[in-house]
1. Would you point out the residue of segment 133-158, among those that are over 26 Å from the mean Cα position of the chain (by Cα) and modelled with pLDDT of 70 or more, that is least open to solvent (accessible area, probe 1.4 Å)?
2. In segment 34-49, what residues are under 22 Å from VAL166 (Cβ atoms), modelled with pLDDT under 95 and either assigned to a helix (DSSP H, G or I) or open to solvent by 40 Å² or more (accessible area, probe 1.4 Å) (or both)?
3. Do we have GLU347 as touching a residue at least 12 places away in the same chain (Cβ under 8 Å) and surrounded by fewer than 18 Cβ atoms within 10 Å (Cβ to Cβ) here?
4. Taking segment 305-330 as the region of interest, how many residues are within 20 Å of the chain's Cα centre (by Cα) and surrounded by 21 or more Cβ atoms within 10 Å (Cβ to Cβ)?
5. Which is farther than 19 Å from GLU347 by Cα and not aromatic (Phe, Trp, Tyr), of ARG308, ARG312?
6. Condition test on ASP192, is it of a type outside the set (A, V, I, L, M, F, W, C) and open to solvent by 60 Å² or more (accessible area, probe 1.4 Å)?
7. Can you pull out every residue in segment 159-173 that is open to solvent by 50 Å² or more (accessible area, probe 1.4 Å) and in a loop (DSSP other than H, G, I, E, B)?
8. Taking the condition open to solvent by less than 20 Å² (accessible area, probe 1.4 Å), under 21 Å from SER49 (Cβ atoms) and at pLDDT 85 or above, does HIS104 pass?
Amino acid sequence: MEFFDVPADRAAQFRDHVVAREPYHLRDLASWMDQTGGPLDEMDASVASLVPLWEWCLDLAKADFLGLTEGLVPATDPGLSVLADPEYGELMRQSRVAGDRLMHYLRLVVGRLHPPTQWGVYRSSLGRRDYAHHQTALLLPGFHARGEGAFALWVHPVLTSVSIAVRRGLDNSDRLTKIVVPALPPGLTVGDQDRLPSVLRPYLDADLPPAPEEARTSPVADWLGVPAPVAPPVPAGREPGSWSETILARGPAEGLEDLALLAPLPADRVAEALREGGFRDLTEADVLAEADVTHPDGVAHLMTAVHRGRLRAVHLEPVDPDEETWERLMAPLRMLAVELGANLVDEGDYPD
């Protein structure tokens, strides 16, 4: 969506949408991190936190966002949800949906540097209009630059950064830092920042009221005549005892019987993922010693299979999970499986 031809009242309407949705989008971001073992506790709104944030987001994108963006529509480009090119259109949709949430964290980062920072409508200088005219941007009162009023910092590049990085194979961890720091006004320096508690973790338990219509729906869809998306069905919870034994392995199904056929798994990475999932004291040595232990919270029983000193498979048998505890255990393993090109499946679904 190009905003330079949008009249002032519509530009203000979109800004109001961005302001209204902020706590809900920050809650989404916190929840996504919590579900996927992301760097939630590093999100202290420091400039340094932008590096782990970007690394996590890029890994999530490579894992197809693990379904977290399913049914969500980008605020500035609702038409992406109905593009004919399913592969590119879907990647762009996911990128912009994620960007809609990342941009609110960027406001927290800039706001820590300059607390008066707020969302506003950028207006070009009188007599000329540039490409950013009437875009919603971060305004920094007390600093002045081109245009009218306060200095404006545009965070819209974050909307496309994920898809560009995935398509081009870019793994530079400072992408978000390069969006924010060079765009800061002269005279506002970053300097050394103390690390603080996470600004996102409180959103997990925030007692927010139901999101108002202004926050739920971008006005751009109405301007462009794009039909409102049909909300995806809410998946039913699992019945007690319906979880199946899950296997993490890399190689053919025959390898479940003959471990020599399975490719080795990095024991240190597997141990790390299992610790994130709740096996708090598990070590690499435990994994390589053919671990046979139960989750401290009784979620599952873990067994590892080792051949010639190398980890070949991980078996997780449900003990007493619920939807939340099982997902917390699976999320970091799911991310790792995608990165390794391994299978993480129910025992009966292991591919031939």
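The values are calculated or read from the model by the stated rules, or taken from the named source; none is laboratory data. A quick note: this is a predicted structure, and the numbers were derived from the prediction, not measured. Positions of Cβ are generated from backbone atoms using ideal geometry, with glycine treated the same way; all protein chains shown enter the neighbour counts. Protein only, heavy atoms only, side chains kept; ligands, DNA and RNA dropped before computing areas. Shrake-Rupley method; radii C 1.70, N 1.55, O 1.52, S 1.80 Å.
1. Of segment 133-158, the ones over 26 Å from the mean Cα position of the chain (by Cα) are 133-134, 140-151.
Applying the additional criterion that residues be modelled with pLDDT of 70 or more yields 133-134, 140-144, 151.
Details: HIS133: 22, HIS134: 17, LEU140: 0, PRO141: 43, GLY142: 68, PHE143: 40, HIS144: 140, PHE151: 25 Å².
The residue in question is LEU140.
2. Selection gives GLN35, THR36.
3. yes
4. The total comes to 2.
5. ARG308
6. Considered against the rule, which asks whether it is of a type outside the set (A, V, I, L, M, F, W, C) and open to solvent by 60 Å² or more (accessible area, probe 1.4 Å), ASP192 comes out as yes.
7. GLY169, LEU170, ASP171, ASN172
8. Criteria met by HIS104.
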